[in-house]
Amino acid sequence: MLSLSQTTGYAILALGFLQECGGRLVLAKDITSSTGIPLPYLSKILNALTRTGLVVGKRGYQGGFALSRSADEISLFDVAEAVEGPDWLPTCMLGLADCSAVPFCPTHSFWKVQRSKIEKELRRMTLTDVSCYVHKKFFTDGAGSRDPGNSNPLPGKNVKSSRANRRKNINIVKSRTR
């Protein structure tokens, strides 16, 4: 069975989560606590996504991560290429380095057509297309309605002017991680 790698799946999940946070900077630990992606693994993914320009990252006080552009401008192919590298989709289904139609490879013509279809579909599909799944999985009770026990499921930071409001936001995040 052919599928995208777990790394690509996690990257799509993290980006979908960032999209749901509406452009606010989100800490990696908040993405981890909400999606279940292990923090060290997520850090490597976010680094690759930042390096390739799909995500912007800000270090330090009031730092975090956000999408660099609109979710409908980021294809799933872009995400896979960002985390897996430019040659992530193999040219040979059997993994042969010098695969070609001559000498005859039994899967060459089939894989050439299927690879093209996969690439075309992943270039067409965007983060916006998968955001419905991310929204349902992480921002609702699973049936499509808001979780009543979580009045603000978005962990993104809104700039607050008072110390009391900052303390309140920190306590909300801490309570979610317990």
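The values are calculated or read from the model by the stated rules, or taken from the named source; none is laboratory data. None of these values were measured; they are calculated from a predicted model. Positions of Cβ are backbone-derived with ideal geometry, glycine not excepted, and every protein chain shown enters the neighbour counts.
Here GLU81 passes the criteria (1) closer than 18 Å to SER131 by Cα; (2) touching a residue at least 12 places away in the same chain (Cβ under 8 Å) except the one numbered (1). The set of residues in region 15-74 that are in contact with a Phe, Trp or Tyr (Cβ under 8 Å, 6 or more places away or on another chain), in contact (Cβ under 8 Å) with a residue 40 or more places away in the chain and of a type in the set (S, T, N, Q) comprises SER34, THR35. Being among the aromatic types (Phe, Trp, Tyr) and part of a strand (DSSP E or B) is the requirement here; does PHE110 meet it? The answer is no for PHE110. Residues that are surrounded by fewer than 17 Cβ atoms within 10 Å (Cβ to Cβ), at pLDDT 80 or above, of a type in the set (A, V, I, L, M) and over 26 Å from the mean Cα position of the chain (by Cα) do not occur anywhere in region 117-131. From the list LEU46, LEU13, the lone residue that is modelled with pLDDT of 95 or more and either within 20 Å of THR126 (Cα to Cα) or basic (Lys, Arg) (or both) is LEU46.
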